[in-house]
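So the structure is just underneath, and the comments pick up after that.
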Amino acid sequence: MGTLLQDVRYGLRNLARNPGFALVAMLTLALGIGANTTIFSVISNTLLKPLAFPGADRLVLVWETFGKGPDNWNIVSAPNFHDFERQSHSFERMAIFDSAGRGYNLSAAGNAREAEQVSGLRVSAGFFSVLGVRPLIGRTFLPEEETLGKDHEVVLSYGLWKTRYGGDPSLVGRTIRIDGAEFTVIGVMPREFAWQFWSDARQLWVPVGYTKTDFGRGDNSFVSIARLKPGVSMAQARAEMEAVGSNVAKQYPDDDTGMGATVSPLGEFGMEGLRTTMLTLLAAVAFILLIACVNVANLLLARGAARQKEFAIRRALGAAGSRIARQLLTESVLLALAGGAAGLLLAAGSTRVLFYAFKLDSMHLPLRAVDSIPMDGRVFAFALLISCATGVLFGVAPAMSALRADLNEPLKEGGRNATAGGGGNRLRHVLVASEVALAMVVLSGAGLTIKSMELLLGVDPGLNPKNVLTVGMSVPQEEIYVGPPGLPRFCQDLDEHVGAIPGVVSVAAVGHLPFQGNAGRGFQIEGQPPAAPGQMPGAGYSVACPNYFRTMGIPVLKGREFTPRDTVGAPGAIVINETMARAFWPKQDPVGRAIRLGGSDGPRLTVVGVVGDVHYQGLDAPVPRQFFRPYMQAGWPVMAVVVRTIHAPATFAASVKKAVADVLPDWPVSGFQTMEKVVHDSTGSRRFPMLLLSVFSVLALVLAAVGIVGVVGHSVTQRTHEIGLRMALGAGTLDVSRLVVSGNMIWVLAGLAAGVAGSAGLTRLLAGMLYGVRPLDPVVLGAVSVLLGGVALAASYLPARRAARIDPMAALRCE
């Protein structure tokens, strides 16, 4: 320990005597360590953050499955869930919740604030007990409250209870108006309970209240959650549910043919894409740290060359080579720790920028309410560990160089340049080639994501988002997803009141806004043989008001769009998209054809129009088959109002809100945003890694350029006598510049070749995040190689110019 402390004190004195060197090395390491710490802090608070439920490792999701493959799972129907619950023995308890969720309208009452829409969820009675959470006050739901008509109870979130009701404990047992009906508040959940699944955190929960639609086995509308019994493994539960699913399919062949069941850990749901993104970014910042290490190693090698006489004297006086190597490693670790401390400060600031600039909270991480990215103990431990490892990594080469150094040459009178031989230079040039290769990998990743985003943004969404304002609205619907509309005049009222606002061109509403989810329905095509059990064709399904397609700029290719005459008493009508027309009526005119919704005995719906394709699931997803029903014939509980304006749609938000409130005071609107923003946000999962990789690639390019300048500059310093001799013998400035640049560019080209080969590793990680681009795209690799080669050439030329200006007589006298 005493020897170590002595090494530390000596190392600190050495660094203090060379503050310029220490500062440059520390800042270089701070960039690399700070970037790694920043990404790790995001991973720590997302991928590594445990779910905030007791025994969260025993919580699972139960899915229906169809066929083989990774994407064969599906949400469950209520009847199948009850069969799963009765026939399985692996779970302590099971529950379900509505997969969609929706907004619930809180009416203004007495001196309460104005009507407000909040996010809520239908859940079965066992939902909270499966999660292992108890209410702060009151109780949760009873089994008998799952029945329609007895389901007018509500549990509030802590946030809603505090903000809207002032945290009044006497609220429990009283009634509040939700969607125009009286609901009894029976409980309030604790502050730390948050449920965020496929959407924003929920603010209230109501009993599931099974409707007639919910009892259809083909109506998959729920997500099933369960808690494993103690001692039951995931594999055992999965094997049992496979058997249970197969048994249920045999019992109900008309609806469940080919169905199976499986389970998956709750904590892993929805994290696959984020895991790939964060691992890719972590690999990129690891390469940046390696480039920083190479730069500092080169600095230490240059400094070690100047200290060869010191090392020789110490060894001549009896110091072992290992003792000197340990001293050098100690100095390296001290530098790394200083760089790590600076990197932590850098990471603390950059995580805040990252959080707000890229809105990590809007990534809707399932079950993880990320409202900040704290620098906790795990992040500090990571920074300490990576700092120590970095110090050892970049300190090895200088320490080994000191061990191999010749003892005699530095002690000779004229031996101060004895270390300028080829061995030291070769090692530094190999390190330069290494950092060029590492920079090539990072730049390739950034280039691929940039090209991918460029191609993605060039995709025609199928609609015209310019000057369109959107806003969400919940409307009453007795049978939640079927049946006639709860507000028969809803579309007409929108047109009369919102459409009368000066500057509004047209207004409509739709059940599912493009890029924000979809629903599906099965049907039987009239005139074709009935589909086999379990093989009924299906398509995306939504409802829309008249003028919806005109308002959204979706072209009507054949027939017509909906009109006010498409009411409940009129013949059933649908409008289909071009993809659905090609799929079911190829080379035929689909207008006038009919389907039977839900099967051969379902309502008859006639195709009245064909519209252009819209990328409902995202610009990078295939266009789905899609059909629409008029809202006046089939209601939907959540509608997106769309308003086309003559200019700046966001400025119409207040006017639209007031117009809706004038006709529907208890049905508030919420979530105003432009359609252009909706389209923009749909690319967020690709935009986030693209922007970060671009930042990292610039950092890698700068570090590589600085490293090249440093190595070539040191090489010029060591070769001053040689260059002076060449110039004395007739070499011109161009010859000297060519000599210096060509000697370095050979190693740069070797690094580029190695980088192209190494790019295969990182870019394959990117494969799932790319659109229309191959992981080893030759255009991207070629452009990156030219860019990096050009920067390396410029970085080599700067010290080459200095070499060309050397006075040969002064150089020779120096020797």
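The values are calculated or read from the model by the stated rules, or taken from the named source; none is laboratory data. What you see is a predicted model, and the numbers here were worked out from it, not measured in a lab. Note that each Cβ is placed from the backbone with ideal geometry, even for glycine, and that neighbours are counted across all protein chains shown. Heads up: the accessible areas ignore ligands, DNA and RNA and are worked out on the full protein's heavy atoms, side chains in. Shrake-Rupley method; radii C 1.70, N 1.55, O 1.52, S 1.80 Å.
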Cleavage-rule hits, GluC sites (Glu not before Pro), region 134-203, DSSP coil, Cβ neighbours within 10 Å at most 16: GLU192
Accessible surface, 1.4 Å probe, highest first, among residues MET769, MET675: MET769, MET675
Reference-scaled alpha-carbon Rg (2.2 N^0.38 Å with N residues) for region 222-309: 2.24
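Over the chain, give the accessible area per residue in Å² for a 1.4 Å probe, as an integer.
Result: 43 Å² of accessible area for each residue.
So if R0 is 30 Å, what FRET efficiency would VAL353 and SER199 give, r being the distance between their Cβ atoms, rounded to the nearest 0.05?
So, using R0 = 30 Å, E works out to roughly 0.70.
Ignoring any ligand, DNA or RNA, what whole percent of the accessible area of region 95-157 comes from carbon and sulfur when the probe is 1.4 angstrom?
Looking at region 95-157 in its full context, I get 49 percent from C and S.
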Inverse of mean 1/r across different Cα pairs in region 573-645, Kirkwood, Å: 13.8 Å
Inter-part distance where region 530-577 and region 492-525 are each reduced to a Cα centre, Å: 12 Å
Accessible area (Å², 1.4 Å probe, nearest 10) - LEU765: 70 Å²
Rounded accessible area of LYS212 (nearest 10 Å², 1.4 Å probe): 150 Å²
Modelled FRET efficiency - R0 22 Å, GLU92 with ARG139, Cβ distances, 0.05 increments: 0.65
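Could you please put ASP735, ASP777 in sequence from largest to smallest accessible area, using a 1.4 Å probe? Write out the running numbers ahead of the final one.
Numbers: ASP735 75, ASP777 15 Å².
The residues order as ASP735, ASP777, largest area first.
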Net charge of neighbours whose Cβ lies under 15 Å from the Cβ of LEU136, counting Lys and Arg as +1 and Asp and Glu as -1: +2
Largest to smallest accessible area among ASP200, ASP219 [probe 1.4 Å]: ASP200, ASP219
For the chain, calculated [θ]222 nm from helices alone, where every DSSP H run of n ≥ 4 adds -39500 (n - 2.57): -16000 deg cm²/dmol
Region 93-189: equivalent-ellipsoid semi-axes (sqrt of 5 x gyration tensor eigenvalues, Cα, Å): 22, 15, 13
Out-of-range pairs (alpha-carbon distance over 32 Å; input LYS212/LYS587; LYS162/LYS658; LYS49/LYS150; LYS212/LYS250; LYS451/LYS677; LYS162/LYS657): LYS212/LYS587; LYS49/LYS150
Residue-level accessible surface for GLU676, protein heavy atoms, 1.4 Å, Å²: 100 Å²
Normalised alpha carbon radius of gyration of the chain [divisor 2.2 N^0.38 Å]: 1.21
Extension gain (nm, one decimal) between TYR210 and ALA519, 0.36 nm per residue minus Cα-Cα: 109.4 nm
Of the DSSP H helices in the chain, those whose Cα atoms cover at least 24 Å axially and whose Kyte score averages 0.0 or more: 19-44, 272-306, 321-358, 377-404, 422-457, 684-718, 733-765, 778-804
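Given a Förster radius of 45 Å and the C-beta distance between HIS680 and THR567 as r, what FRET efficiency does 1/(1 + (r/R0)^6) yield to the nearest 0.05?
Once the sixth-power term is evaluated, E becomes 0.75.
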